[in-house]
């Protein structure tokens, strides 16, 4: 197997080019002219989780969530919710979900060894959220690196939220709102080129077909090397058509499809210095002091390919002015196939100036469906105004995973003590001067071991905002999940296990709630207190590259989490600027840990806690000046865990301080300048606090010049100072290096 830099699939490119050609050919010159004149007056958007026909807000501040389950405006919602709008995504030059999330404090990214390399593993307020990503309010299955080309906005909800989402959501969840068809003609596209051979093409066409129907098509092709990382490249393309019918009528239907195809050279980063048995919280292991360009993988062996396909149909019907019933159904299928080099330090090689090219692999397929039925109602009971949503959800997910056997030229394990023979075969390389183009003489075969995991969920939920008067309201939410997970397969022999088939099953009932009291001292502000819970059943992350239900945890009840939060939200400058602040505590009261008396068994005897403060800002300070970002302080603690020496330590990947500021200013009618600053404090990679990556500041800049009313140029320089920093750290082996300085020039058109 071999992968060359900036490889491309001829069939994929031809398919995308054909789709672009057909879409453009379908639009006549007269349509273009009409669109240029009428888009401002006519364009109304199709809301992604509610087919409303309301115009999409392109400002930095959002007033409402796209989710039906938030039954009050954001200013009156007793929960920390940050909406990253389309304008922020566009201005910052984001091309992936990870890029977009950099604008929000309190979120870091986790690394995974046996799971998904460099995929979306967000950690929100100290807790893993890899399985807590939703698309238009429905859970998105499977491990993947999500693109941004079909995303209108990203909603970040913080704090335990199983009442809203079901299993998981301990630290929070992400809801990605897609671009839907809308009334009015609009034609947008762009070509971006830049450093490290970056080329990106996007096309976003919306065509009104009748007075009540529309079609929208989003296309993307992206190829680039990764700045500051030798031999690492990314290549992907995507297509997302959307149809809407009945817009502006009592019955509305939306049908969409999404496809993403990726083909990359994956990158685990730089090995740790490996202090061996001397590693401890008093003698901390850190990334090796080598050039940030050093890449320890093998271009002749390593690859990462994935596909994501999903189809959704949503139907809404207004029974009357205050009662709406809706149903959303989605089917999806994802594949992930990779072999990636883990710069292994387990055999003492790093101390001798060499690195063993241990291989990690995965070949998985995930498929399933989700169906949600909702009833939304507005009514009065006496003097109390109600905004109520109740619904049912059914979902099924099947994940099949089989790894590869990757052996060196001698037929042995690659995680070996380096020798001249292993250097010659490509299984080892120099720590200071790695050679990723080495010929590799090992073998790759399918592993006998495999796992099939089936997850079935049936849930009922209800949310209500009870408005007592213009100042006081009560927000309530309740959800019950019948959660069933089953894993079966074949396991090869290990150090403590014998080979053979296995089958495990666990059924759990998850009851979770949300309670929030809101007081509005003035019309433009609110103060709130909120309580919420969440549950983490065993096997929750199995479809996302995490651990499946195992012999040592199959009989355990779900982990329980709770949160207390008090906060305030205010809008200033004619409601153009939003400021929020919150104090919070999140507790996991029965964490799964290894039994201190029997390490092969897990028990629900651990405790974890995060206390914190958060401040955010979004919107306009003046007509020309926009800001977006915030600050988060988190004091995390392993209150109780397996090893007494680890008690009181900080939780992994949970920095004390994180700060984000993105700001733009319209210097002239045609010229906008922007800049951003990001700070993330040092953080540990394990519970022992013996692995650490340093804090960092990152700076970005942007300039946009409008050549005409239909064409503009945009320059983004990301990581302006070419800072060497680490955005992920694994507990034993490596730290992932973030991309270096990247300059991008975009030519964009809008009709």
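The values are calculated or read from the model by the stated rules, or taken from the named source; none is laboratory data. Nothing here was measured: the structure is a model prediction, and the numbers come from that model. No Cβ is skipped: glycine too gets one built from the backbone with ideal geometry, and neighbour counts run over all protein chains shown.
Given the options 642, 664, 654, 672, name the one that is under 29 Å from residue 269 (Cβ atoms), in contact with a strand residue (DSSP E or B) (Cβ under 8 Å, 6 or more places away or on another chain) and modelled with pLDDT of 95 or more.
654
Check region 440-461 and report whether any residue there is surrounded by fewer than 16 Cβ atoms within 10 Å (Cβ to Cβ), more than 32 Å from the chain's Cα centre (by Cα) and free of Cβ contacts under 8 Å to residues at least 12 places away in the same chain.
The answer is no; no qualifying residue exists.
Is there a residue in region 634-642 that is outside any strand (DSSP E or B) and free of Cβ contacts under 8 Å to residues at least 12 places away in the same chain?
no
What are the residues in region 173-206 that are within 30 Å of residue 460 (Cβ to Cβ) and free of Cβ contacts under 8 Å to residues at least 60 places away in the same chain, if any?
Scanning region 173-206 gives a single hit, 173.
What strands (runs of 3 or more DSSP E) completely inside region 340-441 contain at least 1 residues that are modelled with pLDDT under 95 and closer than 30 Å to residue 310 by Cβ? Talk me through it step by step, then tell me what you get.
Numbers: elements: 354-381, 384-402, 404-407, 428-430.
It comes to 354-381, 384-402, 404-407.
Conditions tested, residue by residue: (1) assigned to a strand (DSSP E or B); (2) modelled with pLDDT of 95 or more.
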site	(1), (2)
600	yes, no
608	yes, yes
617	yes, yes
649	no, yes
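Looking at 310, 334, 376, 346, can you tell me which residue is in contact (Cβ under 8 Å) with a residue 60 or more places away in the chain and under 30 Å from residue 465 (Cα atoms)?
376
Considering each of 266, 271 in turn, give the residue that is under 26 Å from residue 694 (Cβ atoms), touching a helix residue (DSSP H, G or I) at 6+ places or on another chain (Cβ under 9 Å) and at pLDDT below 95.
On the way: 266 fails: touching a helix residue (DSSP H, G or I) at 6+ places or on another chain (Cβ under 9 Å).
Just one listed residue meets the conditions, 271.
Just give me the residues in region 202-223 being farther than 14 Å from residue 150 by Cβ and either in contact with a helix residue (DSSP H, G or I) (Cβ under 6 Å, 6 or more places away or on another chain) or in a strand (DSSP E or B) (or both), in sequence order.
207, 208, 214, 215, 223
Select the helices (runs of 4 or more DSSP H) contained entirely in region 73-178, then report the ones holding at least 1 residues which are in contact with a helix residue (DSSP H, G or I) (Cβ under 9 Å, 6 or more places away or on another chain) and closer than 18 Å to residue 630 by Cα. Walk me through it before giving the result.
Values: elements: 86-91, 97-101, 162-165.
Answer list for region 73-178: 86-91, 97-101.
From the list 231, 224, 181, which one is surrounded by fewer than 23 Cβ atoms within 10 Å (Cβ to Cβ) and over 30 Å from residue 562 (Cα atoms)?
After applying the criteria, what remains is 231.
Among the residues of region 333-345, are any more than 29 Å from residue 67 (Cα to Cα) and surrounded by fewer than 20 Cβ atoms within 10 Å (Cβ to Cβ)?
Scanning region 333-345 turns up at least one residue that is more than 29 Å from residue 67 (Cα to Cα) and surrounded by fewer than 20 Cβ atoms within 10 Å (Cβ to Cβ).
Which residue out of 286, 281, 352, 305 is over 30 Å from residue 390 (Cα atoms), surrounded by fewer than 23 Cβ atoms within 10 Å (Cβ to Cβ) and under 25 Å from the mean Cα position of the chain (by Cα)? Lay out the reasoning, then the answer.
Values: 286 fails: under 25 Å from the mean Cα position of the chain (by Cα); 281 fails: under 25 Å from the mean Cα position of the chain (by Cα); 352 fails: under 25 Å from the mean Cα position of the chain (by Cα).
Every option except 305 fails the conditions.
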